[in-house]
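The values are calculated or read from the model by the stated rules, or taken from the named source; none is laboratory data. Please read these numbers as outputs of a predicted model, since none were measured by experiment. No Cβ is skipped: glycine too gets one built from the backbone with ideal geometry, and neighbour counts run over all protein chains shown. Areas reflect the complete protein model, heavy atoms only, side chains present, ligands, DNA and RNA absent. Shrake-Rupley method; radii C 1.70, N 1.55, O 1.52, S 1.80 Å.
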Amino acid sequence: MPLFINRDQIFAHQVHLLEHKLRSKEERILELETENAILHLRLAECLGKLRRDHEKETKALQHHLQQRNAQKITRSALAKLLSEVQAVKQDLSELFAVYLSFSTELEEQRKQLLDKVQQASCSLKGDRGEEAQDLQAVVSALERSLEEERERCRAERQRRKELHNTLVELRGNIRVHCRVRPVLPFDHVPSSTPGSWPALSEEVVSTVSDDTVMVNCIKPGMPVHNKMYEFERVHGPEESQDAVFEEVKPLLTSLLDGYNVCIMAYGQTGSGKTHTMMGSQLLEEHSGRQPGAQQGIIPKAAAEFFRMISEKPADSHTVEVSVMEVYNNEVLDLLAKDAQGNPAEQRCDVITTSNGASQVIALKYQPVRDASEVMQILSRVLKLRAHCPTLVHPDSSRSHLIVTLTISSKSPNALALARRLQSAKKDMQLAAQKEWWSPRCRRANLVARKSSEDHLFASTASSPSRSPSHSPCPSPRPSVSQALFKTKLQLVDLAGSESVGERGSRM
Ligand SMILES: Nc1ncnc2c1ncn2[C@@H]1O[C@H](COP(=O)(O)OP(=O)(O)OP(=O)(O)O)[C@@H](O)[C@H]1O
């Protein structure tokens, strides 16, 4: 095979090699340029850092110089202050010396003044005595006029009471009010056919004005006939317990003035006697009104009565409560207890006194201090009261309930004493009119005298709880100073007044 080398190929090869070298040189140059740029950057960074460090160093140097200056200033100021303090100390010690000499001087002056005042007071004593006498005279004159004012005030109060009681008497000692209750669910007659609606009741009594009611008298086969009835006051179905109580409240004032008071509820079964006298606890729970809004006359009267007593001098009045029930013509003491102290039914005898009053023998009287005690006793004893459902009222009370509050006053007012004398005079007249010869009559007369006193006064101071009204034994007439003044508030909730059998009631 011929060996020959093409020159072009050699040149081409060399060119290729040179090109290759050139390329690698160029790449190297590029690398070096990049490195150079990076180094430039680093150099710039280092230069920047160096500049910043230099600046910091300059600032720190300046700061150090400033601090050195400040220290120099503070040191010179401290030195100045120290010298000032020394000066102030010097001044203070001088001042203290002056104060000491001044206070001794003042003490001497005070002593001298005191001596002078004593001397002056001795010389003025005579003049002052006259002045004091003048002042004393003015004070006594003022006291006298005050006493006169008090007397006038007492007289006015007395006059007010007399007027009040005259007004009560003028309005009538016996007053009849009528209360019409609203129609209630149990008034609707249940249907005789099972599944059908109950027959709705008609309103047969309606209030015409505050003193007249109209009654529709409906009789089968007869034309409707309206009857009008007039009363002292008529309370409509919408009238509240408070409104009813407001009408009887003035009577309580008379009670403390020596008048006996009796408030009695009368009406057929379910007509609202117990609601009016005691109140309805069930209604109270559902009414959403303020507590006590559904309370009847008895709790409200007890509260008002004790409020009135609280305005009198302490311990001037004592109150006792008795509760009795009249059922099947028998009088039962609801406060009676057996030997173990448990509530026990006790029948009581009733005597008629010579002046026609009825008196219950051996009735229990329990002392009470406030209205809540009265209500506690009542809620306890009312469970013993005879109840029996009627056709119209499932919780019908079948007895008469008589709650009596007996008030004994140790300091009767002038009006009460006048009433007492009046009563005693009447008593004497009564005695003079009677034949008093037989021993039986004499005994009856003693009881009669005692019971007529019993309304207004009776018990002796030594045994206030055993007043003759509580015991059938006769006792000597007490003296005016010894006597306790007694009055009674009787609150009566009668049994239903309807005919037995008509309303399904049994006694
Ligand atoms: N004015 C009234 N407003 C609302 N409810 C009343 C009113 N009067 C009575 N009631 C209600 O009527 C019902 C019967 O009333 P209450 O028990 O007072 O009758 P009563 O006359 O005492 O009956 P009874 O002689 O049979 O004992 C009670 O549920 C009571 O709450």
Q. Within the group 239, 247, which residue is part of a loop (DSSP other than H, G, I, E, B) and within 16 Å of the ligand (Cβ to nearest atom)?
A. 239
Q | Evaluation of residue 221 against (1) on the phi < 0 side of the Ramachandran plot; (2) away from the ligand (no atom under 16 Å from the Cβ) (one fails), failing number | A | (1)
Q | strands (runs of 3 or more DSSP E) completely within the range 337-430 that count 3 or more residues being modelled with pLDDT of 65 or more and open to solvent by 50 Å² or more (accessible area, probe 1.4 Å) | A | 350-352
(Q) Every residue in the range 211-232 that is over 29 Å from residue 247 (Cα atoms) and either in a loop (DSSP other than H, G, I, E, B) or touching a Phe, Trp or Tyr at 6+ places or on another chain (Cβ under 7 Å) (or both), please. (A) 218, 219, 220, 221, 222, 223, 224
Q: Give the residues of the range 239-268 that are open to solvent by 50 Å² or more (accessible area, probe 1.4 Å) and touching a strand residue (DSSP E or B) at 6+ places or on another chain (Cβ under 8 Å), sorted by residue number.
A: 260, 262, 264
Q) Could we say that residue 166 is outside any loop (DSSP other than H, G, I, E, B) and at pLDDT below 75 here? A) yes
